[in-house]
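A short write-up of the structure that comes next.
The values are calculated or read from the model by the stated rules, or taken from the named source; none is laboratory data. Since this is a predicted model, take the numbers as computed values, not measurements. Here the Cβ is made from the backbone with ideal geometry for all residues, glycine too, and neighbour counts use every protein chain on show.
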């Protein structure tokens with residue numbers, strides 16, 4: 001029997017018979033998937049200036065990574081790599097939306113980013129970007145004051161760790 005579940009990180013709804021291993025939208029661990037009736041809508045948070053700045057910086061990373069991966073999708077050397085970049089782009093956009101919602105802000109305008117021509121270099125840059133994000137999220141989760149910011153940053157660090165593993169395709 002299909003059951004509606006929601007991701008406690010991104011809020012997206014998943015219909016299935018079992019809890020998935022990962023949120024199919026943002027990539028959060030399956031433990032973040034709850035039955036829809038148990039889901040908590042955090043929406044806009046009352047953030048102090050420090051947490052607000054941490055979220056703005058994180059939003060900048062996520063938008064930058066999203067546009068980078070979109071470029072990679074369009075310039076991928078094969079359909080396998082294109083599929084990887086497409087999934088990463090979708091998850092980074094989902095993360096950006098979560099951060100904007102937490103701050104109660106609209107998604108910022110963004111510009112196109114360039115990416116290397118060959119896939120090996122694309123994955124090398126992806127590796128650097130994901131490593132930077134993990135480091136930032138772990139440090140910011142420790143320093144954050146709001147419990148929801150801590151929770152989301154820890155979840156994002158786990159997701160970005162999986163992205164880091166994916167970016168090791170050419171290593």
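Quick notes
- So residue 139, is it closer than 30 Å to residue 41 by Cα and more than 14 Å from the chain's Cα centre (by Cα): yes
- For the residues 50, 30, the requirement of being under 25 Å from residue 5 (Cα atoms) and either at pLDDT 95 or above or within 14 Å of the chain's Cα centre (by Cα) (or both) singles out 30.
- Residues that are part of a helix (DSSP H, G or I) and either at pLDDT below 95 or crowded, with 18+ Cβ neighbours inside 10 Å (or both) within region 141-150 comprise 141, 149, listed in sequence order.
- Of the set (1) within 28 Å of residue 149 (Cα to Cα); (2) without any contact (Cβ under 8 Å) to a residue 60 or more places away in the chain, all apply to residue 79 but (1).
- Looking across 126, 133, one residue alone is more than 12 Å from the chain's Cα centre (by Cα), buried (at least 18 other Cβ atoms within 10 Å of the Cβ) and part of a helix (DSSP H, G or I). It is 126.
- Among (1) under 21 Å from the mean Cα position of the chain (by Cα); (2) under 21 Å from residue 158 (Cβ atoms); (3) free of Cβ contacts under 8 Å to residues at least 60 places away in the same chain, the one test that residue 18 misses: (1)
Conditions tested, residue by residue: (1) closer than 29 Å to residue 127 by Cα; (2) in contact with a strand residue (DSSP E or B) (Cβ under 6 Å, 6 or more places away or on another chain).
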{"residue": "28", "(1), (2)": "yes, yes"}
{"residue": "43", "(1), (2)": "no, no"}
{"residue": "77", "(1), (2)": "yes, no"}
{"residue": "89", "(1), (2)": "yes, no"}
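- Filtered residues of region 151-171 (kept if assigned to a helix (DSSP H, G or I) and over 19 Å from residue 96 (Cβ atoms)): 165, 168, 169, 170
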